[in-house]
Structures are given as structure tokens and as C-alpha cells.
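Undergrad: Can you keep this structure in mind? I'll have questions shortly.
Taken together, the values in this text are just the output of simple stated rules run on the coordinates, not laboratory data. Predicted model, so just to flag it, every value in this text is computed and none were measured. Note that each Cβ is placed from the backbone with ideal geometry, even for glycine, and that neighbours are counted across all protein chains shown.
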Amino acid sequence: MAEIVAERYTGASIKRSEDPRILTGAGRYVDDIKLPGMLHAAFVRSPLAHGRVLSVDVSAAQALPGVVAVLTGADLEAMTVPGPDPLMALFGAAGPTPEFTLLATDKVRLMGDPVAVVIAESRYLAEDGCELVEVDYDDLPPVVNAAFALDPSSPPLFANLGDNIARPHSRNEFGDVAGTFAHADRVIDFHLDVHRHQNVPMEGRGCVASWDAGLAAMTVYAATQSVHVTRNGVATRLGIEPDQVRVLAGDIGGSFGLKIGASREELAVAAASRHLGRPVKWVEDRGENLMVSGQAREESFDVRAAVSNDGDLLGLDVQVIIDTGAYPGMGMGAMVPDIIQAMLPGPYKLAALGFESTAVITNKATYVAYRGPWASETFVRERVLDLIAKDLGLDPVEIRLRNIAARTDPPASMITGRPLVGVTTIEALERVAQLVDFPAFRRRQAQARAQGRYLGIGVATFIEAAPGPRGPDGGLGSESMRLQLTEEGIVVLFTGQMPHGQSHQTTLAQIAADEFGVPFEQVRVVVGDSDVVPFGLTGGSRSATMTGGVALHGARDLKAKVLDFAAYLMEARAQDLLITDGNVWVRGDPASAIAVSEIGRRAASGQFGTDVDAALEVQATFDGGQGGWSGGTHCAIVEVDAETGLVKVERYVAVEDCGALINPAVVEGQIRGGVAQGIGAVLLERSAYGEDGSFQSATFMDYLMPTTCDIPRIEIEHLETVPLDADVNFRGVGEGGMIVAPPTVVNAIEDALSPFGVRIYEQHLPPARILELIAAADSGQ
Amino acid sequence: MADITLRVNGATREGSPEARKTLADFLREDLDLTGTHLGCEHGVCGACTVIVDGRAVRSCLMLAVQAAGSEVTTIEGLATDGGLGPLQQAMWDSHSFQCGFCTPGFVMQATAFLSDHPDAGEQQIREALSGNICRCTGYQSIIDGVLLAAERNRER
């Protein structure tokens, strides 16, 4: 019988090992890097959304004392290798590939497009230099929205494409779409818009590139979600081998999907460093971050729903047009429709789905990944359910319970393919309904309305493939980790995860400490050095399962190896040895205990022959085990001021299932952070463009984000999960809050405004828009 | 260039910043105190907050030369013995932060606020910190950390 070893760390809210440094100002972010002889870069950027570059005169800038070099698009073209974005190559993006240069040469394609880079002794001087660069432009008609992009007469942003289509129209059908719609009691149709908003990490993008001519080697200090993807990008565009590039990353001030790969600016900085033979730093300012770093979520949907009179959602037919902005090859916009399609059924019994998509190119910032990039599937589905419920006079909980697939054995599958194994949506919904007490709320709502106050309640559910179930065809990818026991007795984990707030240095250590048998403080998690860590990428809510899993299995493998060696030292059988609290001992003989540091020291002594394996290191990989879904149900109670249009979120409840919790405080931080971004997306945030393509939200006074007074306490309950795997039932939780909060809040606002007859077909609801909706409903439009 | 002398974290420091150099850049570049972070450089996000003569100040909106003769405290100056000060400890205990970039600004803003309002409740603390933006946490854990520090301070 296996010995039961109490898990001391996994499942507990262990305090983060990251915190002492970040709380004392000792974190090391990319802008904190200072190298001898380091120069500073600033970019000359286009004031136009769309234009031809006629001439670039750098002479005055070059003459400014302190300016070391001014490099134009043509200069950089000569120093770098053209080619597709390495990130897209990694993910195998399909579709036509626009051809463009690192910095603009012939054309500018969005406001803020980089045209030249000034390298100077300080950032102040580099910006002075930018002021002196004279660029002549010829205006071109801006392609500012999808409708114009789809118009064959719109001027193509990229000459080699001939039009502004990033991904041509396609249609797929799952189930009997025509039959379902033909036989439905009713078919409703409407248009839904999801507005453009963006990641906005508190630290923008940035890097320090340092070329060593003697070694022909590039070191890049980066803020990135993957040191290897950045390394590969730099190597590809500089025309050198990946092993000539070392990417180092320290603390990273957030990302939410933004900092993947190597941006055009970062590649230009690397090329400049090689050209000048000196280190060059570039850290974007907030204007650059808001204007050009990347934006997300501009999608419009034409939706038809086939419904029974009892409230069964029988089929959906959805057409999406996605506005990927300029430079689609640098983002992920063209990949998003496939994920939206796959996830649209959610946990529901939807039996037929028609799905059409088109991705267009416009003179706006590149569409990038932002926390749950496919989130619009949940917005569309959860909005559809509420709109149907209103038509049929059903309660929002009732219509969902009616349509959610029951957990059966074998599990039902989404009509798009994946099995709904272990999904606990029904339990989450029932628990939410209990916690908020719908009947009591309806009474309070009625009383408030009698006093001219408009309260509303909204629910929404989601599931997320984090990492997703192991399906018949479904590999979950794999994750690698190297682990070693040092001669100081430290268990060291080398991971390709690149945490930027996710607390991996704490959570992975918790798992390894329990599995190996050492105190938490005796585990060190090494990240952020492409020469040292295995390939990896932090994203897609994968790390809990994939990296948590490889930490568990890797620690188990390392322990076995250490015990084999200890057995030799201790003249015992390995199967009789235990490791607890940092000591190896013979079962039943506590006096035999030897510290693992002693085992490590002996192994490192080099005193053993080839017949003894004293290399206390393992390379582990994990295939995700049985995987599984994350998911949950959220509920918001809001009050809308019908005079001012202001919405106050009075209460917010989240019931979630992300499997076994590694560190509840970390999990809850992820949920709350995602919900806050979702509330911000609905009530405040919008990446705004004028009709001429000018960007209108380039400061924090224009791009509004939620503050301490906008986000309520968020009540969280964790459901006991359905275990699927013998060892690894941790599931990802990074994106769910941001996926489900927008429909939750919009549903609540519509409920609050139901006395006015307001129906909501959009996601951005700032006060002015709320007042318009009320006025339009009042006037019977 | 102007020669200035000021006290930073209890020590006398001298420098010759350009007149246009912000206090934030002076602290980070000239004094190597990189704990002060720049989140927007237009005074909205509060990441660069430091304490100047007892008041929380956005160091991106103040010139270094304006701080001549002043007493400046940065995040590096809060802990006296290389450990954590009481507010920092309470924030660690409360899992206040994630990525850590906004952290110095919140810690400095809350430090200044608590020294003037040791009995503040949740709503007052929320209002006092409403000029600092955090993109990771949804704020609850930060508020909890400040409340815990205030509570421990009262019990002391």
C-alpha cells in the first residue's frame, strides 16, 4: 500500500516568493537594465493613418549633439532579413502574407507607424532628434472600418495582396443547420458588436539589445512571454543562428497576451545595436503603447438563432467579420475565428452550428492576443441566451439550465467536436443562483424601480480549454522541464514559462516541494534565460496543467534518481528510502536520516566510478495527462443611473472550477484581475479612432481603466472538481474572468434597463451610450 | 544643468540634472533607484509615486530641480533593516500584487495616506488609492493589505 504523504504546500495560499523583491523596489524590469555604453532609441512615427512616404530627411537630427545615429526604414531593410513573423510561423497561421519592412519605407499604414529610429546618448536626446526628422507624406484614403476594407475599391494596404482581406471568407457547418432552422418554432436574428480595446499592461514593451562583435553574439534583455520565441524572432530577422542570440527576461510588468515574440521596434533596436556595436535600450512610452503596441477584439457578428417555443437553443448560424488592423502577420487576428468557431457551443447542447468568417485589414493597430482572445464566442452565446429568454419570458438561469449538456458517461461532445468531460457548469449555475438568491433580488429590484432606481442582475457561463480534454484526436501539446538537486540541497526547476504576474516561482515550487519532499524554501524556479531554460511560452491558461504537471512528474523522476544514488550511499534499497522535510531516511529508522544537501554534495564530489549515476538531474516532459476544462458561472448585480448613464457594479459573484487549486490566493487573484478587465471593457475602455483613422485614446485620460472605486469586492467560490487524471488535476484560470465578465455585466445592465424596453447588441456601454439606449427605447426606435 | 542637493531615503545626495529632467528619471538614472516605476509619464497611473516632504507626489510630473532641498522617500527607503516595513509585510501577507509594476506607487501612496489617516476604513482607502492604476489584481487584495496594515498598526 502506498504511503500517504501529506501535501503541505499544494492547495495552500503560500505567500509568494516574488513579493519580497517587488515590495522593496528590488524587482528587475527591463527598464532597470543599465549597461556600459548603452544608447537609447526613440521612434519617429507617422501622424497619418495611411500615406505614402515621399522622403525622409535625417540630416538635422543626425547633426544634433548626442545623437549617434538615425536609421530609416531603408537603412534597416538593408540590415535585416525580410520574412514572416516568427510567431505566426510558430502557430502556422494560414492565409496570404503581407510583405512589409521593419520600419516603413514606401508606406505608413497606421497612425504611429514607425518610420525612423533615432539612437542617442539619452532618451531625452533621442526624442529631441525625432523632432528634427523631416518626413514628407502623401495622404492615402484611410481604411478605417471593416465595411470599407471589404469594398473592392478600398486602397490595399499591402501592394502584394491586392485587397484588404487578411483571411478570405469561409463557411463551415456542424450538424444539420438547414434542417434545424427549417423546423425550429422560431428563428431570431440580430447583429452584435464587440468593440476594440486593449491589453494595457502597466509596463509597456521594451528591450535592451547588446551585440558582442567579438563573439558575434546578441544578448537581448526583453519583456516577453517566451524568451525562445523572442530569440527565434531576433535570429530570423537578423539573419543569424538562434544559438547566437541569448534572451534574458527578469520581472515583467504584465502583458495579457501583448508581449509575445519580437515586435518591429524590438527587432529594429537589435539591428541598431549590431550596426553600432553598442547596447541600445528602447522602452515605449504610454502613447506608443496605446497607439501601436496592439489592440484586440474588434469583431462584428450577424447571428441567427433557431429556438423552440420552450426555450431550447437548437441551432446558431453566425457570421463574423474581424478587423485585424494593420500588419496582420504580427498579430493573431486571422487565427481567432477558428477558436471562436470551436468554442461557440460552450457547455450547451447546441446541435447545429453554421459559422462564417472573414478577417480584414485596416489602418488601425494590429489585432493582438488579449486575455481569452476568442472571448467573443462567450459574449455572443450568453447574449443570445438572454435575448431569447426575454422573448420567451424565461428566467436567465432557467434558460441556461434547460440548455446546458448534462454530465454523462460517455460525455456529450460539443457539436464542433470536443468532449464535455468533467464540465461542472450546471453546479456552478445552481450555486450562483443560491448565493445571490434570485427571488429576493427580484423583490428588491421591484421596490427599487418603484423609487426610480434601476437595478439589474446578469449571469453568464463559460468553459475554457485550459488545457482542454484529451480527445480522440486531441493531443494537448507537451511541456518540458529540467530539474536538478544542487550540492546545497536545492531542488532547481528550469522552466520555459515566463511569468509576468502569474506567480509561477511560487506555485511550481509548491508542487515540487511536496512531490520531492523538501521545504518550500528549498526549491528554486529558474526562468527567463534562453540559454538555460527549455522552450516554453506563458499563455493560453496552459501553465497550471502543463507546467504544474511537469513539475510534479519531474520532481517524482528526480526523487527516484536521488533515491537510487542515496541507496548506494546508504547501503539500502531505494524502495526502502523516503524523503521528507529535506531528509532521506530508511523507512522505520529515523536515525538514518541524511540531509538531501549531503546527498547533493556527495554526488558533486566526483568520487564515483562510471557504474554509479551521480548526475542528480532529470529532463521531464508532460503531455497534459487527461487535461480537462476550466469554467464557471458569474453573476453581477448593477445599478444604472438613468439620469447620468453611470453604471455601478454593486455585487459580483464568481463560482469557478479550475480543478485542484495549487494556491487559492493566486487563483483568486487571477479571477479578480480578469473580472476587473472585463468590467473595464464594458464600462470604460475603448481604443478609439476618428473617421480619418486618427487614434483618439493615446493617454490614460482618454483610455479609461477601472480604479479602486469601480471594482467591487468579488465573491469567489470554488467548486469541487471532477478529477480526470491520476496525478494532475490543476487547470488554468488566467483568462476565464476576462472571458465571462463582459456578458455578465452587459446582461445585468440590460436587465436593469428592462423597464425602458432596452435591448443591447453591443459590448461597450459608457454613460453616454447608456443614455442613448434609454432615449432610443423611449422614442420607440 | 543645475547642481542640486536633496535628502533621499535619509541620505544626502547631490546631482546635476538637466533642468528638464523629471524627478522620476533623476531617481532612476542618476541615483540608480529603479524601484520607482514609470507607468504613463502623464500623472494618471501613480506608479511613480514617491513621498516628498511628507506628501505623496507623482515623480513624473515633478522636475528633479524642484526637489532641491527636499526630503524624498522612495520604495527603497521604507524598510529599515533590509526586511519589509509593516505595510509591505501586510501586503505580502495579503497577496496584494501580481506583476509588481504598479506596486511601488501603491505602497508609497498608501504609506503617505496611512500616516495621515491611521484609522481609515475601506471606503476611505479606496478613494485614497483611486489615483493609482493596477491592471492585474482587481484591487481587492491591495485594499486588504492596506486594511491589514492599518489594523496591525492600531493593535500595536
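Undergrad: Given points 7 Å out from each Cα along the Cα-Cβ axis, report the B:Asp119 to A:Lys34 separation in nanometres with one decimal.
TA: 4.5
Undergrad: How well do other chains shield peptide A:706-716, expressed as the mean number of their Cβ atoms within 10 Å of each residue Cβ?
TA: Values: counts 5, 12, 19, 6, 4, 7, 3, 6, 3, 0, 1.
The shielding value for this peptide is 6.
Undergrad: Shielding by partners for A:665-675, please: the mean number of other protein chain Cβ atoms within 10 Å of each residue's Cβ. Before the final figure, lay out each step's value.
TA: Details: counts 3, 2, 0, 5, 9, 4, 1, 7, 10, 2, 1.
Mean partner shielding for this stretch: 4.
Undergrad: Once the Cβ-Cβ distance between A:Ala777 and A:Arg453 is put in as r, and R0 is 25 Å, what FRET efficiency do you end up with, to the nearest 0.05? Provide the component values of the computation, followed by the final result.
TA: Numbers: r = 18 Å, r/R0 = 0.71.
Result of the calculation: an efficiency of 0.90.
Undergrad: Another one. Applying the Karplus parametrisation 6.51 cos²θ - 1.76 cosθ + 1.60 with θ = phi - 60° to the phi angles of region A:368-376, what ³J(HN,Hα) value in whole Hz is obtained for each residue in order, glycine and proline being reported as x?
TA: So the J values, rounded to whole Hz, are 10, 5, 9, 3, x, x, 8, 3, 4.
Undergrad: Semi-axes of region A:280-330's equivalent ellipsoid from the Cα gyration tensor, sqrt of 5 times each eigenvalue, largest first, rounded to whole Å?
TA: Output for region A:280-330: semi-axes of 42, 12, 8 Å.
Undergrad: With a sphere of radius 10 Å drawn around the Cβ of A:Lys107, what net charge do the other residues whose Cβ falls strictly inside it have (Lys, Arg +1; Asp, Glu -1)? Kindly include the intermediate steps, with their values, before the conclusion.
TA: Numbers: positive: A:Arg52, A:Arg109; negative: A:Asp106, A:Asp113, A:Asp138.
Neighbour charge sum, excluding A:Lys107 itself: -1.
Undergrad: Check A:Tyr689: other-chain or 5+ apart residues with amide H under 5 Å from its amide H, H built from backbone geometry?
TA: A:Gln696
Undergrad: So, one more: Give the shape of region A:32-71 as rounded, prolate or oblate, defined through the alpha-carbon gyration tensor: a ≥ b ≥ c are the square roots of its eigenvalues, a/c under 1.5 means rounded, and otherwise the shape is prolate if a/b is larger than b/c and oblate if not. Mind dumping the intermediate values first?
TA: Details: a/c = 4.04, a/b = 1.71, b/c = 2.37.
Judged from the Cα gyration tensor, region A:32-71 comes out oblate (a/c at least 1.5, b/c at or above a/b).
Undergrad: Other chains' Cβ within 10 Å of A:496-506 residues: what's the mean?
TA: Whole-number average of other-chain Cβ neighbours for A:496-506 is 2.
Undergrad: List, in order, the whole-Hz ³J(HN,Hα) value for each residue of region B:109-118 obtained from phi through the Karplus relation with A = 6.51, B = -1.76, C = 1.60 and θ = phi - 60°; use x for Gly and Pro.
TA: For region B:109-118, the Karplus curve yields 4, 5, 4, 5, 5, 5, 5, 8, 10, x Hz.
Undergrad: Search the structure for amide H atoms under 5 Å from the amide H of B:Leu84, placed 1.01 Å from N in the peptide plane, and list their residues when 5 or more places away or on another chain.
TA: HN-HN under 5 Å from B:Leu84: empty list.
Undergrad: For region B:4-77, what are Rg and Dmax over the alpha carbons, in angstrom?
TA: Just the Cα atoms of region B:4-77 yield Rg and Dmax of 10.7, 30 Å.
Undergrad: Then there's this: Give me the three principal axis extents of region A:279-423 from the C-alpha atoms, as integers in angstrom, largest value leading.
TA: 64, 33, 25
Undergrad: Could you please rank A:Met111, A:Met481, placing first whichever residue has the fewest other Cβ atoms within 10 Å of its Cβ?
TA: The most exposed by this proxy come first: A:Met111, A:Met481.
Undergrad: I've got another one for you. Over all distinct alpha-carbon pairs, what is the Kirkwood Rh of the protein assembly as shown in angstrom? Before the final figure, lay out each step's value.
TA: Values: mean 1/r = 0.0343 Å⁻¹.
Evaluated over the protein assembly as shown, this radius sits at 29.2 Å.
Undergrad: Now a separate question. I need to check one value: relative contact order of region B:4-77, counting alpha carbon pairs closer than 8 Å and at least 6 residues apart, in percent. Walk me through the numbers on the way to the answer.
TA: Numbers: 140 pairs, mean separation 30.8, N = 74.
Result for region B:4-77 is 42 percent.
Undergrad: Oh, and also: Please label the shape of region B:50-156 as rounded, prolate or oblate, based on the square roots a ≥ b ≥ c of the eigenvalues of the alpha-carbon gyration tensor (a/c under 1.5 means rounded; beyond that, a/b larger than b/c means prolate, else oblate).
TA: Details: a/c = 1.57, a/b = 1.39, b/c = 1.13.
Prolate is the answer for region B:50-156, as a/c is 1.5 or above and a/b outweighs b/c.
Undergrad: Counting other beta carbons within 10 Å of each residue's own, what order do B:Phe106, A:Phe174 fall into, fewest first? Numbers along the way, then the final one.
TA: On the way: B:Phe106 29, A:Phe174 21.
If I rank by nearby Cβ atoms, fewest first, I get A:Phe174, B:Phe106.
Undergrad: Would you kindly derive the ³J(HN,Hα) couplings of region A:16-22 from the backbone phi angles with the Karplus curve 6.51 cos²θ - 1.76 cosθ + 1.60 (θ = phi - 60°), listing them in order in whole Hz, with x for Gly and Pro?
TA: Along region A:16-22, the couplings run 6, 6, 6, 5, x, 6, 6 Hz.
Undergrad: What is the fewest-to-most order of A:Val562, A:Val81 by other Cβ atoms lying within 10 Å of their Cβ? Walk me through the numbers before you get to the answer.
TA: Numbers: A:Val562 25, A:Val81 13.
Ascending number of Cβ neighbours within 10 Å: A:Val81, A:Val562.
Undergrad: Separate question: Within a Cβ distance under 14 Å of B:Glu127, other residues only, what is the Lys/Arg minus Asp/Glu net charge?
TA: In short, -2.
Undergrad: Just the number, please: Stokes-Einstein D of region A:213-273 in µm²/s, Kirkwood Rh from C-alpha pairs, 37 °C, 0.692 mPa s.
TA: On the way: Rh = 11.6 Å.
Translational diffusion coefficient: 282 µm²/s.
Undergrad: Relative to the compact globular guide of 2.2 N^0.38 Å, what is the alpha carbon radius of gyration of region A:398-539, as a ratio? Present the calculation step by step, with values, prior to reporting the outcome.
TA: Working: Rg = 23.1 Å, N = 142, 2.2 N^0.38 = 14.5 Å.
So region A:398-539 has a normalised radius of gyration of 1.60.
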